[in-house]
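A short write-up of the structure that comes next.
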């Protein structure tokens with residue numbers, strides 16, 4: 001047992017996050033879960049970087065205060081992490097007083113010891129990246145990170161003596177080869193920044209006010225990188241709480257700062273030098289992972305080409321998305337996102353291999369042993385080979401996770417799952433049953449179930465719902481991971497005599513051709529000629545409460561749904577409304593597939609006069625919100641009794 005402190009970058013809440021941000025956080029979550037299962041004392045930090053000129057400008061454009069602007073987006077970020085079941089121990093916001101007050105103390109100390117001084121800055125500034133650049137660092141006259149224009153700024157500023165510590169940092173990097181990973185990022189930092197020479201760093205601004213004030217000079221705000229980077233220690237209580245037993249004493253230095261490759265420079269040059277000036281230990285490792293990109297290049301909120309993880313989770317399920325993010329991208333390299341690749345991963349690995357292994361195994365236990373897993377007899381060569389493979393899989397997973405090779409760790413687990421499927425074909429339990437060889441059949445059935453249990457234990461750091469579903473179908477009422485990853489992965493722990501509870505397939509196969517055709521069939525927006533200014537809308541006629549009371553709104557459950565032949569927009573719904581069932585025709589076929597609606601609770605107008613649409617009787621109307629190209633059904637927040645009144 002040891003300690004493990006892992007951090008994500010703190011995200012910039014200028015807009016909602018996309019699938020690339022989810023990738024970083026899901027990776028950190030898998031690492032945190034893995035180390036908890038090893039018995040380590042784990043602290044997992046994420047959060048938001050909320051100050052700066054870009055936020056102030058965006059807030060002004062939105063007609064809001066900067067605080068109100070970021071509060072709304074931060075709420076969405078927290079909701080996303082909850083949806084993805086991110087297990088962070090803390091969420092730090094740079095607008096919180098606990099952070100701001102501690103940053104001011106850090107700034108004051110650096111100033112008092114002569115590492116911060118006042119001067120004047122004149123140079124090139126990229127507002128979206130919150131970064132200063134020298135002329136020689138620009139690419140075609142633009143920001144080398146984002147490719148957007150820079151602007152010349154000149155202002156009085158405070159500077160941090162970055163250059164003072166350059167040689168010391170170089171010596172640390174050379175003495176600690178794993179400090180910056182992968183190696184390509186280390187070489188980039190040395191060759192592009194350290195060897196050409198470091199400039200002192202501007203650490204305050206006066207041209208905007210949205211930031212933490214310099215404690216002894218209120219017209220200055222502390223510049224973003226000294227503010228933001230300090231979160232990794234302010235969240236632990238530094239400099240206020242550093243005594244034995246404090247979070248800071250317990251977890252610093254960080255074991256891993258996990259960041260995107262575009263901010264490696266700040267985390268491997270500026271941040272270590274700040275820590276050196278504070279006489280604090282440096283983090284053990286900074287890992288700059290690659291981007292999850294589209295065919296057309298990097299996802300960017302400003303480019304508007306982002307993929308919303310909320311939509312993907314709602315469409316394919318949480319574990320399918322987590323698995324894709326962790327498995328598809330070799331950690332450190334860029335990965336190319338496409339929905340077709342996502343569906344292929346779901347079908348190949350999760351449906352065909354894992355889901356099929358569980359379903360066929362439990363089907364045979366039910367068919368050949370009455371649903372009760374027999375005790376194993378003597379293991380033969382086939383079982384010995386599978387047990388050896390299982391033991392080696394645990395070793396492979398540990399080796400890969402130690403090197404942050406998360407995709408390879410999952411590949412090793414699914415190699416075992418593939419080997420288990422092959423074992424069933426080789427052992428042929430159906431033939432043993434036909435021959436009446438009950439002892440051998442019992443050994444094979446037990447082996448099939450045990451390798452599934454063991455695989456589910458190994459998958460626990462990565463998938464957050466599926467292992468529990470597997471354990472439930474195996475008939476296990478206690479969590480096999482409660483004793484930890486290593487102990488839980490030892491062979492032979494499935495209790496013979498347990499009755500299995502086969503359920504629905506874990507991951508039903510997805511018909512990609514049908515999915516892609518459905519997307520293509522969505523009507524493209526028709527270009528519209530320029531319009532004259534729209535006159536003010538006429539206010540709708542007001543009604544009395546008595547008139548509204550004539551409308552009976554009720555909760556209903558969709559029992560069945562199907563398309564109406566020859567009507568592209570219409571679906572026929574069979575709904576349960578209290579003690580009766582009704583048929584309702586709804587124009588929602590372009591927004592919902594019939595199978596999505598079955599079992600969903602909706603709100604209907606129950607006393608609407610029946611009418612025929614395309615010759616089909618409709619006995620009510622469903623409620624939905626219409627936003628031009630989007631439509632969403634009105635649904636109750638919680639499950640309600642069918643027929644419950646809506647008012």
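Return yes or no: is residue 394 in contact (Cβ under 8 Å) with a residue 60 or more places away in the chain and assigned to a helix (DSSP H, G or I)? Before you say what the answer is, go through the steps one by one.
Details: in contact (Cβ under 8 Å) with a residue 60 or more places away in the chain: yes; assigned to a helix (DSSP H, G or I): yes.
For residue 394, the condition - in contact (Cβ under 8 Å) with a residue 60 or more places away in the chain and assigned to a helix (DSSP H, G or I) - is met.
State yes or no: is residue 589 within 30 Å of residue 341 (Cα to Cα), at pLDDT 80 or above and either out of contact with any helix residue (DSSP H, G or I) (no Cβ under 6 Å at 6 or more places or on another chain) or not in a strand (DSSP E or B) (or both)?
On the way: within 30 Å of residue 341 (Cα to Cα): yes; at pLDDT 80 or above: yes; either out of contact with any helix residue (DSSP H, G or I) (no Cβ under 6 Å at 6 or more places or on another chain) or not in a strand (DSSP E or B) (or both): yes.
Yes; evaluated as a whole, the condition is true for this residue.
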Worksheet item: So, in region 403-431, of the ones that are under 25 Å from the mean Cα position of the chain (by Cα) and not in a helix (DSSP H, G or I), which residue ends up nearest to residue 32 (Cα to Cα)?
Response: 404
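Of all residues in region 112-139, count the ones that are assigned to a loop (DSSP other than H, G, I, E, B) and either farther than 25 Å from residue 186 by Cα or modelled with pLDDT under 85 (or both). Don't jump to the end; show me each part of the working.
Step one: list which residues in region 112-139 are assigned to a loop (DSSP other than H, G, I, E, B), which gives 113-115, 127-130, 134, 138.
Among the residues that remain, those that are also either farther than 25 Å from residue 186 by Cα or modelled with pLDDT under 85 (or both) are: 113-115, 127-130, 134.
The qualifying residues number 8.
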Worksheet item: Which number in (1) part of a helix (DSSP H, G or I); (2) modelled with pLDDT under 95; (3) within 25 Å of residue 384 (Cα to Cα) marks the one condition that residue 513 misses?
Response: (3)
Fill in: Odd one out for residue 404 among (1) more than 13 Å from residue 455 (Cβ to Cβ); (2) buried (at least 17 other Cβ atoms within 10 Å of the Cβ); (3) out of contact with any strand residue (DSSP E or B) (no Cβ under 7 Å at 6 or more places or on another chain); (4) touching a residue at least 40 places away in the same chain (Cβ under 8 Å)
(3)
Response to the item:
Exception for residue 400 within (1) closer than 25 Å to residue 32 by Cβ; (2) part of a helix (DSSP H, G or I); (3) out of contact with any helix residue (DSSP H, G or I) (no Cβ under 7 Å at 6 or more places or on another chain) falls at (3)
Worksheet item: List pairs: first in region 335-352 and closer than 13 Å to residue 323 by Cβ, second surrounded by 15 or more Cβ atoms within 10 Å (Cβ to Cβ) and modelled with pLDDT under 90, Cβ under 6 Å, 6+ apart or cross-chain?
Response: 343/512
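Report, by residue number, each residue of region 454-475 that is assigned to a loop (DSSP other than H, G, I, E, B) and in contact with a helix residue (DSSP H, G or I) (Cβ under 7 Å, 6 or more places away or on another chain). Show your work before the answer.
Of region 454-475, the ones assigned to a loop (DSSP other than H, G, I, E, B) are 460-465, 474-475.
Answer for region 454-475, where residues must be assigned to a loop (DSSP other than H, G, I, E, B) and in contact with a helix residue (DSSP H, G or I) (Cβ under 7 Å, 6 or more places away or on another chain): 460, 461, 462, 463, 464, 465, 474.
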Discussion item. Give all pairs with beta carbons closer than 6 Å in which a residue from region 441-462 that is on the phi > 0 side of the Ramachandran plot meets a residue that is surrounded by fewer than 24 Cβ atoms within 10 Å (Cβ to Cβ) and not in a helix (DSSP H, G or I); count only pairs at least 6 apart in sequence or on separate chains.
Written reply: none
Practice prompt. Give the number of residues within region 99-122 that are surrounded by fewer than 15 Cβ atoms within 10 Å (Cβ to Cβ) and in contact with a strand residue (DSSP E or B) (Cβ under 8 Å, 6 or more places away or on another chain).
Written response: 5
Item to complete: Of the numbered conditions (1) surrounded by 14 or more Cβ atoms within 10 Å (Cβ to Cβ); (2) in contact (Cβ under 8 Å) with a residue 24 or more places away in the chain; (3) farther than 21 Å from residue 475 by Cβ, residue 377 fails exactly one; give the number of that condition.
Response: (3)
Discussion item. Could you go through region 612-629 and let me know if any residue there is in contact with a strand residue (DSSP E or B) (Cβ under 6 Å, 6 or more places away or on another chain) and over 21 Å from residue 592 (Cβ atoms).
Written reply: no
Item to complete: Working only within region 529-573, note down all residues that are modelled with pLDDT under 85, part of a loop (DSSP other than H, G, I, E, B) and closer than 19 Å to residue 622 by Cα.
Response: 549, 550, 567, 568, 569
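The values are calculated or read from the model by the stated rules, or taken from the named source; none is laboratory data. All values derive from a computational prediction rather than experimental measurement. So basically every Cβ, Gly included, is an ideal-geometry build from the backbone, and we count neighbours across all protein chains shown.
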